[in-house]
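Below is one structure, written out as structure tokens; comments come after it.
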Amino acid sequence: MYTILRPVYLHITDTWRWNRIAACIAIIGSSFLVIVLPFFLLSLMVINKISEFERDQIKLKVLVHKIDDFLGSKLHQPDLVENAMQRVTTYASDLFPSIIGGAFDLLLGIVIMYFLLYFMFTNHEKFEEGAVRYSPFREQNALKFAAELKYTTYSNVLGQGLIAVVQGALVSIGFFLFGIKDAIFWGVISTFLSFVPLLGAPIVFVPAALLEMANGNNSGGIGMLIWGFVLVINIDNVIRFLIAKRVGNIHPIITVVGVVIGIPVFGIMGLVFGPLLLSYFFLTVRIYETSRMATERLEKIRAADEE
């Protein structure tokens, strides 16, 4: 949050000449309304829908059997969807833990985050000076690490977040166009799942299209498949290309592995934290390697001079 909001804070205090405390309070309030609150409400919406499916399991089983029957006649895989649904249920339980049950921990985490963020902003010169001073790198490498850290954060959080929102919106639009129910809900699900490259959105629109074809809506199902594979998936590549030109790109393997590692540890926030921390790890290793090679070169030069 500090890395993302720092340019905004400096613009408000340096260009607009706001008082530091007022600027900090404005940023904290705005970020809560724009980032934290919508994320919380979307999570509640998904959890309520999952609870609805759990209460009405007969309805869910009917949908699963319809797709299974359709795939069984086409692909000779009668239990394909049922087995997949069991895996998805386990995944969803890790991805969307009960927010009500963990409400206190969630609220405490947000309060602590903003408490620290307030002092990081109001004393940002001392904070950044101390970060460079106590860094295990030399000052030049520490500044290089800070710059790459900023680009990595932008690419992971802002870049991947933009991709997820766009793909989720396109899935919702496709559902509306082809007459598929619960368009907004499934668009939200796609937004969350789109943090996983290539695998995210198809998990939503492919079963939905197959269900429409199983119900006799062949035009809607085929149209949704074309819409998904031509537009939804390819928009991912377009946005990644634009992001790579501006702030750098994160390799899909890092994103996938980071999500797999992050979700069991952080829950739904692992979609962001997992790839971010893994990227930080590789960045640290790269900086250490650069520092080691520079040290070795200096030692060789000194040895040659002594000879």
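Since every read-out is calculated from the coordinates, none of them should be taken as a lab result. All values reported here derive from a predicted model rather than from experimental measurement. Cβ atoms come from the backbone with ideal geometry, glycine included; neighbour counts cover every protein chain shown.
Observations
- At 1.002 mPa s and 20 °C, Stokes D of the stretch 250-307 from Kirkwood alpha-carbon radius, µm² per second: 161 µm²/s
- Of the residues F273, F115, the one with the fewest other Cβ atoms within 10 Å heads the list, and the complete ranking is F115, F273.
- J(HN,Hα) series, the stretch 122-137, from Karplus relation 6.51 cos²θ - 1.76 cosθ + 1.60, nearest Hz, glycine and proline x: 5, 10, 5, 5, 5, 4, 6, 5, x, 4, 6, 5, 8, 5, x, 9
- Residue order for W16, W227, fewest other beta carbons within 10 angstrom first, comes to W16, W227.
- Going from the residue with the fewest nearby Cβ atoms within 10 Å to the one with the most, E139, E125 rank E125, E139.
- Cβ-derived FRET efficiency at R0 30 Å, V285 paired with V111, nearest 0.05: 0.35
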